[in-house]
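See structure below.
The values are calculated or read from the model by the stated rules, or taken from the named source; none is laboratory data. It should be emphasised that the depicted structure is a prediction, and the values quoted were computed from it without experimental measurement. Note that we place each Cβ from the backbone using ideal geometry, even for glycine, and neighbour counts take in every protein chain shown.
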Number of protein chains: 2
Amino acid sequence: MVRRNEIRPGERAVDLPPAYDASLYFIGRIRTPWSDRLDCPRQGRFDGPQCRLEIDARWQEGLDSIEEFARLEVLYWLHQSRRDLVHQSPRNGGRARGVFSLRTPVRPNPIGTAIVKLERVEGAVLFVRGLDCLDGTPLIDVKPDRTLFEPPAPPRKGDFQVGDA
Amino acid sequence: MVRRNEIRPGERAVDLPPAYDASLYFIGRIRTPWSDRLDCPRQGRFDGPQCRLEIDARWQEGLDSIEEFARLEVLYWLHQSRRDLVHQSPRNGGRARGVFSLRTPVRPNPIGTAIVKLERVEGAVLFVRGLDCLDGTPLIDVKPDRTLFEPPAPPRKGDFQVGDA
């Protein structure tokens, strides 16, 4: 649903809330080969071009032990996206759908998530593959892929809770 | 790494940046059986208790067609977490690690992500399983699970780009 900034037939915008509820720090920048939204892949691939996650010096110590994980979950801020389109249509005039049934960058909180393959770490820079975002995209978070992560602390009661409660 | 608010031996805090870079709208609330962080599961499970995602009326139209997806990706704001601990230790005194090699709620931008199983939709409420967060957690985003989603728009150049660029 990438667009310059137009509203297409069948789309609907809402009034944005009068105030924000929480705020983010950008923790670094993402470097990719794509400088125009219309060139970005719609979805990243593990055999795609190598990209870099450049972490700000303030947070560099947070990378300790990250090389243990072959795949990472990356969160980033889709800073060029409008936020008010609840109902969106593809450019080719296909059926409109709700924003939450799309992975469009145009959403109330324009946060992108990707799973990337970690190839190596050099200082505060992670070399990865699997991204689909613009060069210069602000980085919000990096975590181990959930399927590779085992919590280092002992389990809690809730971990064993199943059923209809 | 859940905690009340203590700093443990081996942990290190940084000075937070002087200003924020972007802001979020809470789009709804999450209802779970857990009212204390120390009871929450460390990781959600698809056979865990049923939970609810309650979407604010403003965004309800964004749910159109969401029932087509058996699994959703959910982003939420871990509103009780401190943000300055770059190096963290488990409560039991295990080895300290960088925040980005942990899925701890204590992180520069305390955003949790989960993959949930969607059981049904009633109006603006999604009934799901697989969450691990506190009752009342602010909801930030809902998207189709990436492994189930096919972009409705035609592919772009970047989708076919591979290799070392």
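What to note about this one:
- Within region B:71-84, the presence of a residue that is of a type outside the set (Ser, Thr, Tyr), over 24 Å from A:Ile55 (Cβ atoms) and more than 18 Å from the chain's Cα centre (by Cα) is excluded.
- Among (1) touching a residue at least 12 places away in the same chain (Cβ under 8 Å); (2) within 21 Å of A:Arg83 (Cβ to Cβ), the one test that B:Cys133 misses: (2)
- Every residue from region A:127-161 that is among the basic types (Lys, Arg) and more than 22 Å from the chain's Cα centre (by Cα): A:Arg156, A:Lys157
- Criterion: touching a helix residue (DSSP H, G or I) at 6+ places or on another chain (Cβ under 6 Å), in contact (Cβ under 8 Å) with a residue 40 or more places away in the chain, in a strand (DSSP E or B) and within 7 Å of another protein chain (Cβ to nearest Cβ) - qualifying residue of A:Val121, A:Val142: A:Val142
- Some residue of region A:73-89 being over 25 Å from B:Arg103 (Cα atoms), within 7 Å of chain B (Cβ to nearest Cβ) and either in contact (Cβ under 8 Å) with a residue 12 or more places away in the chain or not aliphatic (A, V, I, L, M) (or both): yes
- Here the strands (runs of 3 or more DSSP E) wholly within region B:1-108 that include at least 2 residues being touching a Pro at 6+ places or on another chain (Cβ under 7 Å), farther than 21 Å from A:Trp59 by Cβ and modelled with pLDDT of 95 or more are B:71-77.
- Pairs with Cβ under 7 Å, 6+ apart, first in region A:52-67 and facing chain B (nearest Cβ under 9 Å) and under 15 Å from B:Leu16 (Cα atoms), second basic (Lys, Arg) and surrounded by fewer than 18 Cβ atoms within 10 Å (Cβ to Cβ): A:Glu61/B:Arg12
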